[in-house]
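Below: the structure, in structure tokens.
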Amino acid sequence: MCSRAKPSLTDYTGTNRISTSQPGPMLDLSDQQPFAQGSNRKCFRHPLDSTRCLKVIRPENITARFERQSPVKRLLGKERLNDNAQELRAHQQHALQQLLNQGNEALVWAHLPRFYGSTPTSLGMANESELIRCADGSVAPTLEHLIKTQGLTPDLHRGIDEFLAWLSQTRILTRNLLPHNLVVSDQFDHPRLFLIDGLGAPTIPQALDSVPGWSSRYIKRKIERFQKRLAWEQSHEGLSWEDFQHLR
Ligand SMILES: Nc1ncnc2c1ncn2[C@@H]1O[C@H](COP(=O)(O)OP(=O)(O)OP(=O)(O)O)[C@@H](O)[C@H]1O
Ligand SMILES: [Mg+2]
């Protein structure tokens with residue numbers, strides 16, 4: 001069974017932590033290589049804590065995305081394209097905060113990396129979170145990688161079903177679920193999925209997230225879209241994701 005790091009006193013677990021926590025000393029990442037990167041962020045192992053990772057924004061991508069936007073959207077500024085800012089906001093969402101306030105920490109972090117808020121580094125502000133690992137200590141692979149290399153095994157299916165049941169139960173809001181934003185740990189009795197990117201929802205859905213009927217419908221749609229996405233990941237018809245969605 002897994003032995004995940006116990007939360008420390010500096011855990012980001014409640015609404016007030018972000019405004020009251022003092023920034024620690026700046027962490028130097030200058031001699032480090034990222035262990036992974038997405039299109040928007042570089043991910044580093046935390047230099048002082050092997051259970052955590054630090055995600056810093058790739059500013060060139062924000063600028064490129066900003067320049068592709070319509071003049072009207074540009075009026076809203078660059079900050080809304082900052083994935084770290086969006087992720088901080090996503091952790092404030094009603095469903096997640098309510099569960100934490102009720103003491104349901106284990107349920108919240110069952111499929112999310114523990115989140116520790118914002119940390120200054122030599123590469124700018126980072127979002128600090130739990131680094132999800134496998135039993136042998138390696139960084140957990142993405143669901144996308146596992147589907148490509150071993151296919152959707154019954155065990156993996158079980159892990160996916162468990163993750164989707166957790167979403168429906170907790171009503172934690174996510175953006176579109178993508179297999180490269182989920183990692184799979186083998187530290188449990190069956191593969192366990194963690195959503196490492198894509199928590200939260202656009203401004204209006206997140207504002208409506210305390211309305212139970214509304215959030216359940218929102219989550220149902222995200223789950224249906226994800227199931228379609230999994231079918232596409234396994235299909236060998238050569239269709240683009242856009243064409244696949246329209247034809248099914
Ligand atoms: N907490 C974590 N534990 C293990 N691996 C992680 C974690 N966070 C990120 N990764 C790895 O780093 C990759 C990039 O991280 P992330 O998805 O956060 O970057 P991004 O730039 O925001 O992604 P995108 O391109 O989807 O916008 C992930 O696909 C995953 O392989
Ligand atoms: Mg990602």
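The values are calculated or read from the model by the stated rules, or taken from the named source; none is laboratory data. Everything numeric in this text was worked out from a predicted model, so none of it was measured. So basically every Cβ, Gly included, is an ideal-geometry build from the backbone, and we count neighbours across all protein chains shown.
What to note about this one:
- Tally of residues being farther than 24 Å from residue 202 by Cα and of a type in the set (S, T, N, Q) across region 91-118: 2
- Options 193, 146; residue that is within 16 Å of ligand 2 (Cβ to nearest atom) and in a helix (DSSP H, G or I): 146
- Residue count for region 180-190, restricted to those that are within 10 Å of ligand 2 (Cβ to nearest atom) and surrounded by fewer than 21 Cβ atoms within 10 Å (Cβ to Cβ): 2
- Count of region 2-21 residues which are under 12 Å from residue 116 (Cα atoms) and either at pLDDT 95 or above or not in a helix (DSSP H, G or I) (or both): 9
- One residue stands out among those in region 26-67 that are of a type in the set (D, E, K, R), within 13 Å of ligand 1 (Cβ to nearest atom) and more than 28 Å from residue 134 (Cβ to Cβ): the one that is surrounded by the fewest Cβ atoms within 10 Å (Cβ to Cβ), which is 60.
- Any hit, region 200-210, residues being surrounded by fewer than 19 Cβ atoms within 10 Å (Cβ to Cβ) and within 16 Å of ligand 2 (Cβ to nearest atom): no
- Test: residue 146 is in contact with a strand residue (DSSP E or B) (Cβ under 6 Å, 6 or more places away or on another chain), over 28 Å from residue 203 (Cβ atoms) and at pLDDT 95 or above: yes
- Filter pass, residue 155 being surrounded by fewer than 16 Cβ atoms within 10 Å (Cβ to Cβ) and either touching a residue at least 12 places away in the same chain (Cβ under 8 Å) or within 16 Å of ligand 1 (Cβ to nearest atom) (or both): yes
- Scanning region 192-215 for residues that are touching a residue at least 40 places away in the same chain (Cβ under 8 Å) and within 30 Å of residue 138 (Cβ to Cβ) yields 192, 193, 194, 195, 196, 197, 199, 200.
- Remark: residue 144 matches the filter, which requires a residue to be in contact (Cβ under 8 Å) with a residue 60 or more places away in the chain and out of contact with any Gly (no Cβ under 6 Å at 6 or more places or on another chain).
- Residue that is modelled with the highest pLDDT, among those in region 36-89 that are in a helix (DSSP H, G or I), out of contact with any strand residue (DSSP E or B) (no Cβ under 6 Å at 6 or more places or on another chain) and among the polar types (S, T, N, Q): 86
- Subset tally (residues that are away from ligand 2 (no atom under 16 Å from the Cβ) and in contact with an Asp or Glu (Cβ under 7 Å, 6 or more places away or on another chain)) for region 160-179: 1
- Within region 115-152, considering residues that are exposed (fewer than 14 other Cβ atoms within 10 Å of the Cβ) and among the polar types (S, T, N, Q), the one nearest to residue 187 (Cα to Cα): 138
- Residue among 124, 151 that alone is more than 19 Å from the chain's Cα centre (by Cα) and closer than 25 Å to residue 45 by Cβ: 124
- Failed item, numbered, when residue 125 is tested on (1) within 16 Å of ligand 2 (Cβ to nearest atom); (2) hydrophobic (A, V, I, L, M, F, W, C); (3) more than 18 Å from residue 199 (Cα to Cα): (1)
- Residues that are in contact (Cβ under 8 Å) with a residue 24 or more places away in the chain and either within 13 Å of ligand 1 (Cβ to nearest atom) or part of a helix (DSSP H, G or I) (or both) within region 118-141 comprise 126, 127, 128, 129, 130, 131, 132, 133, 134, 139, 140, 141, listed in sequence order.
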